[in-house]
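Coordinate-derived values only; no laboratory data. Remember, it's a predicted structure, so these values are computed and weren't measured experimentally. FYI the Cβ positions are ideal-geometry reconstructions off the backbone, even for glycines, and counts take in every protein chain you see.
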Protein chains: 2
Amino acid sequence: MNNALFSAMVAGHVPADLRIDNVRIVDVFSGGIRPGCVCVGDGRVLGFSRREARQVFDGEGRFLLPGLIDAHVHIESSMLSPAGFASLVIPFGTTTIIADPHEIANVKGVQGIRYMLEAARALPLDIRIMLPSCVPCLPFEDSGSALSAADLAGLMDDAGADGLAEMMNVPGLLAEDPEVWAKLDLARAAGKRIDGHAPLLGGRDLEMYVAAGVSTDHECSERKEVMEKLECGMYVIIREGSAARNLAGLVSLVTPENERRFLFCTDDRHAADIMERGHISNNLRLAVSAGLDAVSAVRMATLNAAECCGLNDRGAIAPGRRADFALMDDLENFHCEACWIQGKLAAQHGRLASPLAEADASAMQASVNIAPLPEHPFAVRVPSGKARVIGMRPHSLITDCLIRPVRTADGGEVRLEDNPGLLKIAVLERHHATGKCAAALLDGWYGLRGGAIATTIAHDSHNLVVAGDNDADMLTAVREEQRIGGGIVMASGGRILSSLPLPIGGLMSDAPAGEVAQRLRELFALASSHYHIRGDVDAFMALSFLALPVIPSLKITARGLFDLPSFRFVSVDAEQD
Amino acid sequence: MNNALFSAMVAGHVPADLRIDNVRIVDVFSGGIRPGCVCVGDGRVLGFSRREARQVFDGEGRFLLPGLIDAHVHIESSMLSPAGFASLVIPFGTTTIIADPHEIANVKGVQGIRYMLEAARALPLDIRIMLPSCVPCLPFEDSGSALSAADLAGLMDDAGADGLAEMMNVPGLLAEDPEVWAKLDLARAAGKRIDGHAPLLGGRDLEMYVAAGVSTDHECSERKEVMEKLECGMYVIIREGSAARNLAGLVSLVTPENERRFLFCTDDRHAADIMERGHISNNLRLAVSAGLDAVSAVRMATLNAAECCGLNDRGAIAPGRRADFALMDDLENFHCEACWIQGKLAAQHGRLASPLAEADASAMQASVNIAPLPEHPFAVRVPSGKARVIGMRPHSLITDCLIRPVRTADGGEVRLEDNPGLLKIAVLERHHATGKCAAALLDGWYGLRGGAIATTIAHDSHNLVVAGDNDADMLTAVREEQRIGGGIVMASGGRILSSLPLPIGGLMSDAPAGEVAQRLRELFALASSHYHIRGDVDAFMALSFLALPVIPSLKITARGLFDLPSFRFVSVDAEQD
């Protein structure tokens, strides 16, 4: 709503709060760039006419863009709290994100989402929360929490919830699963959006998915797929994450005729990666270097996202809209010199203007609850001597189910020292101390030698995953996880080599972004130097997806090995079911 | 909301209601045209995959467009009732209009708007009602009704009201008139749109106007004006009316980069003109003949309008959206072969599929209430012998204040027989029988000879205007207006030459569109053949704007001559004030 002061500033009766002089304004409406100034008052744009102002900022000829929008992101993947994440991305010019708190919801349920909503409210970054649609990802998963349509109902009305987050349960939607449709109906009845997640979906199934109200997809990887989704009226969100990097393959499909239907997102990126490459500014840089017109790229990150998300108060620099700006040195590298949010200088020279307060996360702590361990928690028995082994692939979340002969000791026990090239992996239920625990074998590609890695980031249920080449270090790592309340732990030779504590749900740190990024870099270096894991692989992310049973083929949960093609749990012994 | 039947049809479990085969689908998302079929069920698009259907329509290779949208129109200007208007435009492929019932509101107030809302509900054409923001246009106008913010409040919540119609009171907005701002606040508080009307507004005033929440403008006539309005974030609506024809001058400004910010409208067009040239299809035809890409033009008339107006359920052919289509023979002439609205064939071969019922208009009738006339109602006295005369300009609503010597009889009376080349014009208050009545002089350009014309269409107050070259015919015409309850009347030699009765508020006919158009054509022909008025001039529209005091310079109301530059009533005698 306008207020009297704002109107008086627009009219020029009282000085504006701020005038940004000497900038090249990127006009996403006309597609042009023009020199000028922008006046700001009450957190919004007054206009381009020169006005007296209480404060003047000299843009020194730089490019003034509308604040950048990430159309789909899991904050948790940064391993930072919402405040930490905001402090990291604002200096890159990001002012609004559409966040899906899917990970914390798997750990802490409604309470986790409320924590994110609460944390978001106190931050300058506008964090728009979408409600996780698929918690847990499968009915038999031992996640920390499960969210029914009824659970979401209470949150949908919350001013902070913008809609239903990525609907991954495509089979459930297509089969008209009542619980899935109850969630869809909830969003639609509230007049809110539904985001999609439908890799390679096409034909009548895609039509069903879109007709159900799903309006976006960020999982596209192929040209034909993009074209069909556009034709069906979906917005296509081009993702550039830490692992899933789709931009280079898709950006050439953007034309002046279809550009308005494309957005950008990051989906999953960790703190060190964002710090090094930038945030949505990285999508812009890559898109322009791939040949996309710079203003088109900017429009995808601003006006298009705002329109798609129904955020008509932003996405452009225009009278009455939020004064969210990114001041860029150029339109190639998109180096951000300064960032304003609602008219306040939020960052300059790559640094926050003022530190951001952490929200109270006490209810998110102490999330690692493991039952007393049995005597040999990681024992693996294969009486037949033929084992099902999880085969990892570099740069892929897909695994293979390998059948391998193994040497066994008394009772069929598989000792790693007798089986060079094999590792052990175990998943321990860690939310409700149910004692569920399973161990299995991992083939040697992963390369880990001389210790163990444990992590409480384990999609989507986020139980405790530990892998290593000896039981003792695996146990040491698990004990340390209990002590620090979750995170990433490296144990070697009976001691803790290094760790990144993630006390917020075992997923996020409350430390400053810089510290977390620095610690992550150390962990990556140790993984390579001490454990001899290939340097081009994210050792921790690879591990955290080995417990996700919805991706083919062989995965491990706290209930044992899961074979997706046959959709059943199987024994490590290949001769047994 | 989806229902079970719709889902079953999308999934292909039960036959679709309709399949339109063998069409070239205009894809406003990708900007392309592709051959295919479209399946429809429950009034919405199921998809492009081939499905069994209860009914199949062979498109014979024609172009299937989303239904066309008129972004701003006054139905009353067609002189047809809503049903008559719908019956006229649907065969041209129009399926949605954004209507401003400004004229009937000036006559009948809230009751008039409710009549339009009620009439709209029963029609296949989706008539979206915006609430008139400026009734009357000036505080001292003798309109039939005045609408305060409080009056509008009750209507804004009505499901049929989409927002606040063209805010013409720019000075009031800029001066922060509380009543104007109460209306703006009303729309914004309801999360609804505000349409604009701001010819040549620019600079800080334009910024104020946009910051106040006005999002569109259909009054642009100049390049610079268009560019500035785009930059400020306005949607620019390119108008092609019966009189105001802006398309040719503006369409070259549309580029692939800014195209999404342009829409089409007709604003004011009478029935005969629509029948002859088409409706929004006429805008498309003209735009393409002026060089605009055909798909861009279609997008302006469909997706752009839908996005601007927040009508996300239409504007494109895509799963889940309304099955509103226009089947065109080509993308040059845009001859419409068939039109579907919500999946039902609404028109084919230029004819409605089934007749539309008239809404009950009894409360809109008997709107001509004139007090008993004085003995010489059209007497004009100019004792000084120097008169202020209204000077008309061809093809313009602007008039001049001419100072002319006149011959006078006893008491200064101006007799037309003594002053060749002069005509008389009079305005009689006709809503509340207040007896207000004023007569003045009109220069000879208008050309009327041998009779009088009267009309109850007289913007914006719609009092009774009559002009002629003799008092007797003027009186005959006024008497006939009383008898028929409003409309257009031509009187000559003491008898009624012809008339078009407009019993609905003195503005609209309840006769079929074809009859009204035919009668209008007869009136035009008579104006030229019998009255010798220039054939290239709309004699009736010219007359109906002579009583609109907000357009410069000299106009006449029931209270007398009004001089806009000095913003005061003036005497016909140039020597008097």
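Annotation: Cα Rg of the range A:377-439 relative to the compact-globule expectation 2.2 N^0.38 Å equals 1.26.
Derived scalar couplings between HN and Hα for the range B:513-530 equal 4, x, 5, 5, 4, 5, 5, 4, 4, 4, 4, 4, 5, 5, 4, 7, 6, 8 Hz in order, rounded to whole Hz, by the Karplus curve 6.51 cos²θ - 1.76 cosθ + 1.60 (θ = phi - 60°), x for Gly and Pro.
What dipole magnitude, in Debye to the nearest 20, does chain B give about its Cα centre under +1 on Lys/Arg Cβ and -1 on Asp/Glu Cβ? Mind showing how you got there, number by number?
Values: 53 positive and 73 negative charges, 154 e Å.
Roughly 740 debye for chain B.
Among B:443, A:157, what is the fewest-to-most ranking by other Cβ atoms within 10 Å?
On the way: B:443 16, A:157 10.
Listing B:443, A:157 from fewest to most nearby Cβ atoms yields A:157, B:443.
For the range A:351-500, what is the convex hull (Cα atoms) projected area averaged across all directions, in square nanometres? Don't skip to the answer; put the middle values down first.
Values: hull surface 45.7 nm².
The Cα convex hull of the range A:351-500, projected and averaged over all directions, gives 11.4 nm².
Across the copies of the chain, residue A:8 has label points (7 Å from Cα along Cα→Cβ) spaced 6.5 nm apart, shortest distance listed first.
Would you mind getting the Kirkwood hydrodynamic radius of the protein assembly as shown from its Cα pairs, rounded to one decimal in Å?
Values: mean 1/r = 0.0304 Å⁻¹.
Kirkwood hydrodynamic radius for the protein assembly as shown: 32.9 Å.
Just the number, please: Stokes-Einstein D of the range B:180-267 in µm²/s, Kirkwood Rh from C-alpha pairs, 10 °C, 1.306 mPa s. Before the final figure, lay out each step's value.
Details: Rh = 13.4 Å.
Result for D is 118 µm²/s.
Here the range A:260-339 is described by how far its Cα atoms reach on the three principal axes: 35, 26, 26 Å, from widest to narrowest.
Overall size of the range B:58-138 from C-alpha positions, given as principal axis extents largest first: 53, 22, 18 Å.
Between A:250, A:372, B:116, the Cα set farthest toward the positive side of the dipole of the protein assembly as shown (charges on each charged residue's Cβ, about the Cα centre) is that of A:250. Of all DSSP bridge pairs formed entirely within chain A, close to 70 percent run antiparallel. Averaging 1/r across all pairs of distinct Cα atoms in the range B:424-577 and inverting the result yields a Kirkwood radius of 15.6 Å. With everything on Cα atoms, drop me the angle between helix A:471-484 and the longest principal axis of chain A, reported from 0 to 90° to the nearest 10. Roughly 40 degrees, rounded to the nearest 10. For the range A:406-467, the average shadow cast by the Cα convex hull is 5.0 nm², which is a quarter of the hull's surface. Across the identical copies, the label point of residue A:351 (7 Å from Cα in the Cβ direction) is separated from its matches by 8.0 nm, in order from shortest. Within chain A, which is the longest segment containing none of the GluC sites (Glu not before Pro) that sit in a DSSP loop and have at most 14 other Cβ atoms within 10 Å? With GluC sites (Glu not before Pro) excluded where exposed in loops, chain A gives A:61-331 as its longest stretch.
Restricting things to alpha carbons, find the Rg to Rh ratio for the range A:323-404 using the Kirkwood radius for Rh. Each step should come with its number before you reach the end.
Values: Rg = 25.8 Å, Rh = 19.5 Å.
Rounded to two decimals, Rg over Rh is 1.32.
Basic side chains Lys and Arg get +1 at the Cβ, acidic Asp and Glu get -1 at the Cβ, and with that the dipole of the range A:202-348 about its Cα centre reaches some 280 debye.
Shape annotation for the range A:60-102: C-alpha extents along the principal axes are 41, 18, 11 Å, from largest to smallest.
Arrange the following residues from fewest to most other Cβ atoms within 10 Å of their Cβ: B:531, B:115. Could you put the intermediate results ahead of the total?
Working: B:531 21, B:115 25.
Neighbour counts put them in this order, fewest first: B:531, B:115.
Across the identical copies, the 7 Å label point of residue A:418, projected outward along Cα→Cβ, sits 13.2 nm from its counterparts, in ascending order. Cβ crowding within 10 Å, taken as a proxy for footprinting-reagent exposure, orders B:195, A:573, A:151 from fewest neighbours to most as A:151, A:573, B:195. In terms of distances greater than 28 angstrom between alpha carbons, the cross-link table entries A:183/A:229; B:108/B:555; A:108/A:436; A:224/B:344 yield A:224/B:344.
When restricted to Cα atoms, the range A:100-211 yields an Rg and a Dmax of 13.9, 44 Å, respectively.
Taking the charge dipole of chain B about its Cα centre, with +1 at Lys and Arg Cβ atoms and -1 at Asp and Glu Cβ atoms, the residue from B:8, B:101, B:178 reaching farthest to the positive side is B:8.
The charge dipole of the range B:1-151, taken about the Cα centre with unit charges on the Cβ atoms of Lys, Arg (+1) and Asp, Glu (-1), comes to about 660 debye, rounded to the nearest 20. Which percent of Cα pairs goes in each bin when the distances of the range A:208-326 are cut into 10 angstrom slices starting at zero? Taking all Cα pairs of the range A:208-326, the binned fractions are 13, 44, 34, 8, 0 percent. With θ taken as phi - 60° and the Karplus curve 6.51 cos²θ - 1.76 cosθ + 1.60 applied, the whole-hertz 3J(HN,Hα) list for the range A:180-197 is 5, 5, 4, 5, 4, 4, 4, 5, 5, 5, 7, x, 10, 7, 10, 8, x, 7 Hz, x standing for glycine and proline.
Couplings 3J(HN,Hα) of the range A:340-347, computed from phi: 10, 10, 6, x, 9, 5, 9, 7 Hz, in residue order, whole Hz [Karplus 6.51 cos²θ - 1.76 cosθ + 1.60, θ = phi - 60°; x for Gly and Pro]. Partner shielding of B:179-188 amounts to 1, given as the average count of beta-carbon atoms from other chains within 10 Å of each residue beta-carbon. What percentages, rounded to whole numbers, describe P(r) for the range B:190-239 computed over all alpha carbon pairs with 5 Å bin width beginning at zero? Going from the shortest bin to the longest, the percentages are 5, 24, 40, 19, 8, 3, 1.
Of all chain A C-beta atoms, the nearest to the rotation axis linking A with B is recorded, alongside its rounded Å distance, as A:256, 2.
Taking the range B:148-223, which trypsin sites (Lys or Arg not before Pro) meet the DSSP loop condition and have no more than 14 other C-beta atoms within 10 Å?
Numbers: sites: B:183, B:188, B:192, B:193, B:204, B:223; in loops: B:192.
Sites meeting the loop and neighbour criteria: none at all.
Put simply, the range A:488-569 fits an ellipsoid with semi-axes of 28, 16, 12 Å; these come from the alpha carbon gyration tensor as the roots of five times its eigenvalues, largest first. Note that the range A:244-386 shows a convex hull volume over its alpha carbon atoms of 239 Å³ per residue. Taking every DSSP beta bridge that has both ends in the range A:1-88, the antiparallel portion is near 65%. Considering every alpha-carbon pair of chain A, the percent of pairs per 20 Å bin, from zero through the bin containing the longest distance, is 21, 52, 24, 4, 0.
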